[in-house]
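Scroll down for the structure; my scribbles are underneath it.
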There are 2 protein chains.
Amino acid sequence: MANSQFAMAVHVMAMLAKNCDERIKSSYIAKSVNTNAVVIRRLLSDLHEANLVVSQTGYSGGTCLTRQPADVCLLEIYEAVSHDNIFGLHAKEPDRDCEIGSTITGVLGKLQVEIDEAVKQKFASYTLQDVIDELVKCKEEKGEKILSE
Amino acid sequence: MANSQFAMAVHVMAMLAKNCDERIKSSYIAKSVNTNAVVIRRLLSDLHEANLVVSQTGYSGGTCLTRQPADVCLLEIYEAVSHDNIFGLHAKEPDRDCEIGSTITGVLGKLQVEIDEAVKQKFASYTLQDVIDELVKCKEEKGEKILSE
DNA sequence: TTCTTTTGTAACTAAACTTGTTACAATTAT
DNA sequence: ATAATTGTAACAAGTTTAGTTACAAAAGAA
């Protein structure tokens, strides 16, 4: 199964961004994401560790953003919930007695860093506000489609 | 577990590149990669589908490259063994009745394509020969280290 | 104070994926 | 014929992901 944590995290952040002034409940977000509230709270826990959200327990508790959507880049969200490299190295260490086996990991490691950097750079080029803007644009396009049908 | 298919595939291809004129046996590669020969043959099967290698069964059978290492880019290897996007979309479809839930997938899909493209572009910028060259460079550096110790 | 709501987190399950292994038919040189 | 090798199916063990239940802690409401 492809990891959907980032997709859900962006969804969560977008929900919070749309209601910047209220505290949003995990159950409300869960309904939109179509999952269990605990799944959302686990994500919010990661996002909190990254200082992207604050939550309050108890009656009238909930979560809100710590910053304006324009000040949150997607890289922060990605790093908050994603811990893997784009590709992994060998599960078991290759044969040290083989000329290639003994050096390939170093070469792949360098490549791994480069690829990861390219991804990070791309994620860093967008903010949460860009996602909101795009959401609005998509919504409008959908509206036009309905009208022109 | 982070997927190590690409790492193993590059290792396999590098082994084949180092012995361009012979047919290499899966058991020989498996020893260097430190895994089972069947794991290697499964990888070779994917690489064959991508037209990167040819194998022969039977006595004195084995596998060799279809092209010179300089004519194989890492993107081809990556695409031969990797089928996932960098990040996945929602496991379950979000709530259609929610303004954000109904549009977020489209936005994330566009982002997904962009990120995947960035990765592909990076992989496309290297050839198997570059990996071989880097291997040689790393080996030399190791040698120097030993001498200077 | 007591009740209610909500978060935070642990524990468990089910499904999917990855790697490793055994087994064996098909193929090909000796 | 015999031996060696690939190709592939079938299965096992370990890991990961998402989902679920349960409940303590927190905090406002009554």
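The values are calculated or read from the model by the stated rules, or taken from the named source; none is laboratory data. The structure presented is a predicted model; accordingly, all values stated were derived computationally and were not measured. Cβ coordinates were reconstructed from backbone atoms using ideal geometry, including for glycine residues, and neighbour counts include every protein chain displayed. These accessible areas exclude ligands, DNA and RNA; they are computed on the full protein's heavy atoms, side chains included. Shrake-Rupley method; radii C 1.70, N 1.55, O 1.52, S 1.80 Å.
On the given criteria, is B:Phe87 modelled with pLDDT of 95 or more, away from DNA strand D (no atom under 16 Å from the Cβ) and not charged (D, E, K, R)?
no
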Next on the checklist: Any residue that is hydrophobic (A, V, I, L, M, F, W, C), over 23 Å from B:Asp133 (Cβ atoms) and more than 11 Å from DNA strand C (Cβ to nearest atom) - is there at least one of those in the stretch B:21-40?
Outcome noted: no
Next on the checklist: Please determine whether any residue of the stretch A:40-53 is of a type in the set (Gly, Ala, Ser), open to solvent by 40 Å² or more (accessible area, probe 1.4 Å) and within 14 Å of chain B (Cβ to nearest Cβ).
Outcome noted: no
Next on the checklist: Based on this model, can you work out whether A:Ser82 counts as more than 30 Å from B:Ala30 (Cα to Cα) and among the polar types (S, T, N, Q)?
Outcome noted: yes
Item to check | Selection within the stretch B:53-66 - among the β-branched types (Val, Ile, Thr) and either assigned to a loop (DSSP other than H, G, I, E, B) or free of Cβ contacts under 8 Å to residues at least 12 places away in the same chain (or both) | outcome: B:Thr57, B:Thr66
Next on the checklist: Between a residue in the stretch B:3-15 that is within 11 Å of DNA strand C (Cβ to nearest atom) and any residue that is among the small types (Gly, Ala, Ser), which pairs come within a Cβ distance under 6 Å, given they are 6 or more apart or on different chains?
Outcome noted: B:Asn3/A:Gly88; B:Ser4/A:Gly88; B:Ser4/A:Ala91; B:Phe6/B:Ser82
Checklist outcome for this item: Taking the stretch B:67-113 and the residues there that are polar (S, T, N, Q) and in a loop (DSSP other than H, G, I, E, B), the one that is least open to solvent (accessible area, probe 1.4 Å) would be B:Thr103
Next on the checklist: Please go through the stretch A:121-146 and give me each residue that is more than 10 Å from every other protein chain (Cβ to nearest Cβ) and either among the small types (Gly, Ala, Ser) or surrounded by 15 or more Cβ atoms within 10 Å (Cβ to Cβ) (or both), ordered by number.
Outcome noted: A:Ala124, A:Thr127, A:Leu128, A:Gln129, A:Gly143
Next on the checklist: Given the criteria within 12 Å of another protein chain (Cβ to nearest Cβ) and at pLDDT 95 or above, does A:Ala30 qualify?
Outcome noted: yes
Next on the checklist: For the stretch B:1-39: of the residues being under 13 Å from the mean Cα position of the chain (by Cα) and open to solvent by 40 Å² or more (accessible area, probe 1.4 Å), which is nearest to DNA strand D (Cβ to nearest atom)?
Outcome noted: B:Asn3
